[in-house]
Each structure stands twice: as structure tokens, then as C-alpha cells.
Amino acid sequence: MHTPVATVKLPARTAASIMAFDTIAAVDLGSNSFHLMVARVSGADLQIVDRLREPIRLGAGLDADGNLTPAICADALACLRRFGERLRRLPAGAVRAVGTNALRLAGNGERFLGDAQRALGHPIEVVSGVEEARLIYLGVARSIPDDGRQQLVIDIGGGSTEMIIGRHYQPLRLESLYLGCVSHSQRFFGDGRITAARLREAELAALQELEPLAADYRALGWQRAIGASGSMVSVADALQAMGLASGGISASGLRQLRKRTLDLGRVDRLDRLGVRADRVPVFMGGLAIVLALFEGLGLKRLEISDGALRQGLLYDQLGRIRHEDIRDRTVAQLKRRYHVDTAHARRVMRSAQRCLDTVAGRWGIGDAQWRQLLGWAALLHEIGLDVAHAQYHKHGAYILEHADLAGFSRQQQRLLALLVRAQRRKFPIQEFAALDPDARRPVMRLAVVLRLAVVLHRSRAALRLPRFALEAGDDGLCVRFPAGWLDRHPLTQADLQQEAQFLAEIGFTLCSLDDVDGKR
């Protein structure tokens, strides 16, 4: 059952942690279209070398029960297989793929993601609306000259609208509204007719969504307003084709564009305004949202940026490769906010990662992502204490699953929360059963490692642990201590025995052995 004894020691940096890529890629599974962007890394900059876009309208492919239809799933998977062919030669870690609002809403999203990842050949994350906003801001900020002014960035997607105020590369306020060009077009212009009553109704519906935060945004203020991505670009292109603006959107131009659409009276005539064919079905919903934003925020003019979510993904990925991971800053902020005992958390993290490095090969969890996830869980395992000591592991898990965590996808938040939930007492096997099969076993093993580290540091004393060894089996782990150490530390021995009982309930064997006589 057991592998040869391996002594726990601090590892050298893994090859994965220092890997550099000369080419990286981003895949954006939006609600209105799918995008692929490939870039060559050039120092601190990126050179875009390839772009692909396909009008896959996931947002329009949700049925009455909120599930993606078989037809839209087939179209999406075919597109991802084409993208996957372009990405085939890029190594793991060089590609970042995310899904947005449609996948946040889809009832069968988890099942679709499994098929989608196999089609693409790379992992796909689903990001929250706030995380989507952060990435959009990063993409826009990296695509325009930084003149130091505070700026408002707005991106109208297929299923949501992201609004960000920031300065330089730092967002100051992030929001995601349930407003998108696909959903709004279906709701108000689904039969193809454009009337004054319908357009005003669509504007008022958007204004209602905007109302709770409009005053706060105006109070925070901005000196520059920037529109990004499809709907904003389509409106700007229509204004330019009509000779009403050049390179942006103005309030006066919008009023005339509004009148022209009403004169046309039908969606299928919008091509006469220079609207691209694939944008025609969703143009009116996007226009109504733009009109509401100008009215609700008192906008006079918007610049248009080429930057968007996919550029943000590329620069975020570049930061991770260069050890400037926003998730590390998020964890540090959480520790401060919830008054974590940092010295103790770091002791638990070091022990957990040392144990992981010993058993990783035997247990198949040697990928750098697992070591990183375990480290974050160890650093945050006590944040629930700021709520209450009783069941603090559950409080901590709730915080991590439901908070807005910059840089983390929804899947990553769920795994992080589950590790913190599983750190002590009864093992929550039912929650692990709900995980994707590819993640279930690795995360359960990470939880065992974290539980062991927590037990070994239960005294909270700043004392160095003895040099111990681990023997790992498929469903078991033995900890071998120096001769006599367990006898001299009866409380730790009792804690280990109790931990063995908890793990035995899920069919896992944990044993603690004396190095000399094998005494349990």
C-alpha cells in the first residue's frame, strides 16, 4: 500500500513556477460571441499576432428552463474545436479561457463546461460579474495612453454590462448589471419591430437597473469616459457611417441615431445605418442601454477603446507568469480584513506545502495550481474566526464562496471555500461528491494534507516541528515521527488519533508512527 518513506523538507522552486512563455492566448466565451486572441510576449508588452471571432450567441441559446439548448451547445463546441486547433501547440498555462454571463446563468453550465474544455484542450473558468469588470478595466487601461485622469469604463456585453471607475491600472469601483444586448434585444425587439413605445420601455428598464448606483458613480466622478467592446463599437460605427461622429459616441449623435432607427421601424433594416450583419439582431438592445447610460449618468461623450476582456485576460495571465498574481494580493487583503494571525497561518502553509511536495508524485497532484490553491487555503483557513469561533471553518467557507475575490474564477472560489470548510472535524464528503470528477480526488487529497498541517500546529506555538516522514498510499497516509516524539507530545498524538477517526469515516487511513518501534 505504501510508497518508500520520503522525508519532508522545503522544496526548490518547481519548474512550473518559473516557466516563461513566449506566446500566450486568451479565449472569451461571451454571451454574444466567442473570441480568441493570441499574443507574443515582448518584455513587459504584448504583440497581438492572431485574432478569431465567431458569433456564438450563448445568451440567446438559453431555453425557458435556463439551460443551454442542444443546438447552441453544438455550435459552441464546434467553434471551440476550431479554436483548439489554433491553440494545440501552446502548453498548459499559456492559455486563459473564461466564460461570462450566459455560463453564470446556465443551469447545465457545469455539464457544458466539461465538453467545452475537451473541445478546446484547455481549462475554462467561469468568472463573476465583478471579476469580469476587473479584467475589462485592465484590458482597456492597457490599451490607451495613461494620462493620470480618473476614468469611467463601460462594456455592454451580450448578457451583462460592466461599469468601472479607475485611475491608472487600478479600478476604484466595479459593478456588473444584468443588462446585455442579447437579452435586451430579445425582450423588447424580439419580433423585429422598432417603435417609440418599445424603445422608451427598453431605455426605462435599463435606467431602473442603473438607478441604484448612478448617484454613487456620479459622486465618485470621472474626467474621461470610455466605451469598450461590441455594442459600443457598433453604435460608434453607425454614428460614423451617418457622419454624426468620428471615433466615439456623442449625446447629440445618439439623439439623431435614435430618430433614424425609429424611422426605419424594423430591425432587419438596420444594415442601412452601416450596422454589421452579425450585429443587426442585437443592435437595438445595445443602443437602448447606451441611451440609458447617457441619460442616467449625464454623459456627453464616450471615447471608444480597442481593449476589452480578452486583452485584460492576456495581461492578467502575463502577471501570473511573472509572479505578479492579483490573487496573491486578494488573499493578503482578506487576511487583513478578517484579522488573520499571519504568523500562524504561514506556519500552517509551510507545513502543508512541504507535505504536499512529498506526496504529490504518488497522489498525482504535482501541478503548480494545486500547490498554489493549498497555500491560499492555509493562509485563509482561520478567516471565519472573525465571525465566531464556533464552526469557524464553515463561516470561512461561506465568506470565500460568496465574496468578490479579484482574480479568482467561480470554480477556484468554490474549491478554496471547500478546502477551508474541510480543514477540521467531520469531513464534508457530500460536498466533494458534487465536484467535477477530474477535481474531486485531487482536492480531497489536498484537504487531507491541510487537515494534517492544521493538527500539527494546533498548539499555535512558534516551535519548529520535528523532521518527520510521510508514506502515501492510494487511500492512506502514514506520518513517521522521530523516536519518542509522540510520547513527549501526548496532546498532538491524541489529536492525530481523533483525526484518524474522522478520515476513517470516508475510507481513508491516517496513521502516526514512532520511528523506532512502529508504535501507533
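Here are a few things to note about the model shown:
- Selection of first residues in segment 38-67 that are without any contact (Cβ under 8 Å) to a residue 12 or more places away in the chain and of second residues that are open to solvent by less than 50 Å² (accessible area, probe 1.4 Å) and not hydrophobic (A, V, I, L, M, F, W, C), restricted to Cβ pairs under 7 Å at least 6 apart or on distinct chains, gives the following pairs, ordered by first then second residue: Asp63/Thr69.
- Here the helices (runs of 4 or more DSSP H) wholly within segment 14-115 that include at least 2 residues being charged (D, E, K, R) and open to solvent by 50 Å² or more (accessible area, probe 1.4 Å) are 70-87.
- Residue, modelled with the highest pLDDT, within segment 377-406, restricted to residues that are assigned to a loop (DSSP other than H, G, I, E, B) and in contact with a Leu (Cβ under 9 Å, 6 or more places away or on another chain): His381
- Segment 477-520 - residue that is acidic (Asp, Glu) and touching a helix residue (DSSP H, G or I) at 6+ places or on another chain (Cβ under 9 Å) and, of those, modelled with the lowest pLDDT: Asp515
- Selection over segment 256-266 of residues that are open to solvent by less than 90 Å² (accessible area, probe 1.4 Å) and over 15 Å from Ala197 (Cα atoms) gives a count of 1.
- Any hit, segment 447-462, residues being touching a Gly at 6+ places or on another chain (Cβ under 9 Å), of a type outside the set (Gly, Ala, Ser) and open to solvent by 10 Å² or more (accessible area, probe 1.4 Å): no
- Residues located in segment 351-369, provided they are under 22 Å from Gln412 (Cβ atoms), open to solvent by 30 Å² or more (accessible area, probe 1.4 Å) and in a helix (DSSP H, G or I): Asp357, Ala368, Gln369
- Scanning segment 372-399 for residues that are among the hydrophobic types (A, V, I, L, M, F, W, C) and free of Cβ contacts under 8 Å to residues at least 60 places away in the same chain yields a count of 9.
- Looking only at residues of segment 133-150 that are open to solvent by 10 Å² or more (accessible area, probe 1.4 Å) and either small (Gly, Ala, Ser) or farther than 20 Å from Leu46 by Cβ (or both), we find that the one that is modelled with the highest pLDDT is Gln150.
- Checking Arg86, Arg104, Arg111, Arg96 one by one, the residue that is of a type outside the set (Asp, Glu) and over 19 Å from the mean Cα position of the chain (by Cα) is Arg86 and no other.
- Extreme residue, nearest to the chain's Cα centre (by Cα), among residues of segment 479-517 that are part of a strand (DSSP E or B) and of a type in the set (D, E, K, R): Arg480
- Meets criteria (farther than 22 Å from Ser459 by Cα and either of a type in the set (A, V, I, L, M) or touching a strand residue (DSSP E or B) at 6+ places or on another chain (Cβ under 6 Å) (or both)) for Arg410: yes
- Filtered residue count, segment 292-317, keeping only those that are open to solvent by 20 Å² or more (accessible area, probe 1.4 Å), more than 17 Å from Ser33 (Cβ to Cβ) and outside any helix (DSSP H, G or I): 5
- Condition check for Thr69: modelled with pLDDT of 95 or more and polar (S, T, N, Q): yes
- Members of segment 323-356 found to be over 24 Å from the mean Cα position of the chain (by Cα) and among the acidic types (Asp, Glu), listed by number: Asp341
- For segment 138-152, the condition of being over 27 Å from Val280 (Cα atoms), within 17 Å of the chain's Cα centre (by Cα) and touching a residue at least 24 places away in the same chain (Cβ under 8 Å) holds for at least one residue.
- Reported count of residues in segment 116-137, each being outside any loop (DSSP other than H, G, I, E, B) and in contact (Cβ under 8 Å) with a residue 60 or more places away in the chain, is 12.
- In summary, Leu419 fulfils each of the numbered conditions (1) touching a helix residue (DSSP H, G or I) at 6+ places or on another chain (Cβ under 6 Å); (2) not in a helix (DSSP H, G or I) with the single exception of condition (2).
- Test result for Asp271, without any contact (Cβ under 8 Å) to a residue 12 or more places away in the chain and assigned to a helix (DSSP H, G or I): yes
- Arg424 in a loop (DSSP other than H, G, I, E, B), open to solvent by 40 Å² or more (accessible area, probe 1.4 Å) and farther than 30 Å from Gly312 by Cα: yes
- Cβ pairs under 9 Å, 6+ apart, first in segment 163-176 and touching a residue at least 40 places away in the same chain (Cβ under 8 Å), second in a loop (DSSP other than H, G, I, E, B) and open to solvent by 50 Å² or more (accessible area, probe 1.4 Å): Ile165/Trp222; Leu174/Asp404
- Number of the exception - Tyr392 against (1) within 16 Å of Val454 (Cα to Cα); (2) hydroxyl-bearing (Ser, Thr, Tyr); (3) crowded, with 20+ Cβ neighbours inside 10 Å: (3)
The values are calculated or read from the model by the stated rules, or taken from the named source; none is laboratory data. Computed from a predicted model, the values in this text were never measured in an experiment. When we count neighbours, we look across all protein chains shown, and the Cβ atoms used for this are built from the backbone with ideal geometry, even at glycine. The area values use the complete protein model at the heavy-atom level, side chains included, leaving out ligands, DNA and RNA. Shrake-Rupley method; radii C 1.70, N 1.55, O 1.52, S 1.80 Å.
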